[in-house]
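Here the structure comes first, spelled out in structure tokens, and everything after it is commentary.
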Amino acid sequence: MTAPALQFDVFTLFPDVFAPYLQSSILLRAQQRQLIQIQLHNIRDWTTDRHHITDDEPYGGGGGMVMKPEPIFTAVESVLGSPPTCPVILLTPQGRLFNQGVARQLVQPALEGLTAAAELPSPRLALLCGRYEGIDERVRQYLVSDEISIGDYVLTGGELAALVVIDAVSRLIPGVLGDPDGAEDDSHASGLLEYPHYTRPPEFRGYPVPEVLLSGDHARIARWRREQALLRTWQRRPDMLPNAPLSDKDRKFLAKLEAELPQEPDA
Ligand code: 6GU
């Protein structure tokens, strides 16, 4: 029995919402194969009052309720030690924006652990899900080491965001995806959107698969895919191009697009 590459500890008031997603498909298999381990901790289990209260009215008045600090500190420190030695990430719309680069940062200790000689304890990530209108500021100040948002919109709680982070990070661990090329071709992995995919039949309702994909000419196919990825990104997410690693050939192709198809809407 070898330690999982990465262990997630999720602190939440709603542990039940995680099961259906985590018990399906790729993430289920990753847990069964001991590549990742996910432990769910109900913050309510660390309350000490008779009514198991986890929220209270805000000092200074105003609407809404605020998550109390005591059960959160007790939960996190009971599981992870005091002070915790792993990152404690608060999911909040006020956090830094999550993207593929942040996912790569978060998985890094797990990738290093895979090449370590000794049987070391698994790297861990603690994910703290906020709820209600807010969380006592002292949790941010004295317990949390990082804050992540998954986008510029407001969710009712951090649970969906925690699932997003678990999913995006886990699939970067070798072996989690069935495909040995793993996540390399994905949209965003290369700094570009992904090229289009086709499978059988070669003609569906009169719509053909691009001829090049049936040609068996692997060099031509690779060039076509690269150009399609560049075209898509140029059409849909031109903001990504300045940060994408581009070859001279890529730049020539994009210059040709600019010359031939000035600001063409998505075809
Ligand atoms: Cl991490 N939490 C909540 N409540 N809303 C969000 C979010 C997180 N990310 C985007 N919106």
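The values are calculated or read from the model by the stated rules, or taken from the named source; none is laboratory data. The model shown is predicted, which means the values in this text are computed figures rather than measured ones. Cβ coordinates were reconstructed from backbone atoms using ideal geometry, including for glycine residues, and neighbour counts include every protein chain displayed. Surface areas here come from the heavy atoms of the whole protein model, side chains and all, with no ligands, DNA or RNA. Shrake-Rupley method; radii C 1.70, N 1.55, O 1.52, S 1.80 Å.
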Residue-normalised accessible area of the chain, given per residue in Å² at a 1.4 Å probe: 59 Å²
Amide H contacts of residue 55 (H built 1.01 Å from N, under 5 Å, at least 5 apart or other chain): 68
Check: the chain dipole with +1 on Lys, Arg Cβ and -1 on Asp, Glu Cβ, in debye: 660 debye
Selection of chymotrypsin sites (Phe, Trp or Tyr not before Pro), region 5-57, meeting DSSP coil and at most 16 other Cβ within 10 Å: none
Rounded percent of accessible protein surface that carbon and sulfur make up, region 6-178, 1.4 Å probe: 53 percent
Residue (of 37, 207, 92) at the positive-pole extreme of the chain, dipole from beta-carbon charges: 207
Residue 224 accessible area, assembled protein chains, probe 1.4 Å, Å²: 50 Å²
CD proxy at 222 nm, helix term only [per DSSP H run n ≥ 4: -39500 (n - 2.57); per residue of the chain; nearest 500]: -10500 deg cm²/dmol
The chain: antiparallel DSSP beta bridges as a percent of all, rounded to 5: 15 percent
Segments 169-178, 237-246, 106-115 sorted - mean Cβ within 10 Å per residue, highest first: 169-178, 106-115, 237-246
Amide hydrogen neighbours beyond the local backbone of residue 9, cut-off 5 Å, H modeled: 39, 125, 126, 127
Ratio Rg/Rh, restricted to the chain and using Cα atoms, in which Rh is the Kirkwood radius: 1.06
Prolate/oblate/rounded call for region 43-119, Cα gyration tensor, a/c under 1.5 rounded: oblate
Under the Karplus curve 6.51 cos²θ - 1.76 cosθ + 1.60, θ = phi - 60°, whole-Hz ³J(HN,Hα) for region 138-146, x wherever Gly or Pro sits: 5, 5, 4, 6, 10, 10, 8, 10, 7
